[in-house]
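The values are calculated or read from the model by the stated rules, or taken from the named source; none is laboratory data. As the structure is a prediction and not an experimental result, all values here were calculated from the model. Cβ sites come from the backbone with ideal geometry, for glycine too, and all protein chains shown count toward neighbours. Ligands, DNA and RNA are excluded from the accessible area calculation, which covers all protein heavy atoms including side chains. Shrake-Rupley method; radii C 1.70, N 1.55, O 1.52, S 1.80 Å.
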Amino acid sequence: MIKIALFQPDIPQNTAATIRLCACLNATLEIIEPCGFQFDEKRLKNIYMDYYKNCKIIRYQSFDDFIKTGGGHYKAF
């Protein structure tokens, strides 16, 4: 299973593009907050279109929460 993690994303359009990518690849998106924008379906709906319902998104309140729940098994590129 492919997983993509975004650390404190600031740009909603880039986050929406990642949601679309994850939906197409059947990948899980992990978002490590805080986000630099209000992350809600209503605000992003026009940007990510209908891909949101096809993407599994896991949100973490902090980097520590991400590590505690088993995140951090990523290779940095």
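Quick notes on this structure:
- The criterion of being open to solvent by 90 Å² or more (accessible area, probe 1.4 Å), at pLDDT 90 or above and part of a loop (DSSP other than H, G, I, E, B) holds for D10.
- Residues in the range 19-42 that are free of Cβ contacts under 8 Å to residues at least 40 places away in the same chain, closer than 14 Å to K56 by Cβ and out of contact with any Pro (no Cβ under 8 Å at 6 or more places or on another chain): I19, R20, L21, C22, A23, C24, L25, N26, A27, T28, L29.
- For the range 34-50, the criterion of being within 13 Å of the chain's Cα centre (by Cα), modelled with pLDDT of 90 or more and either outside any helix (DSSP H, G or I) or among the acidic types (D, E) (or both) is met by at least one residue.
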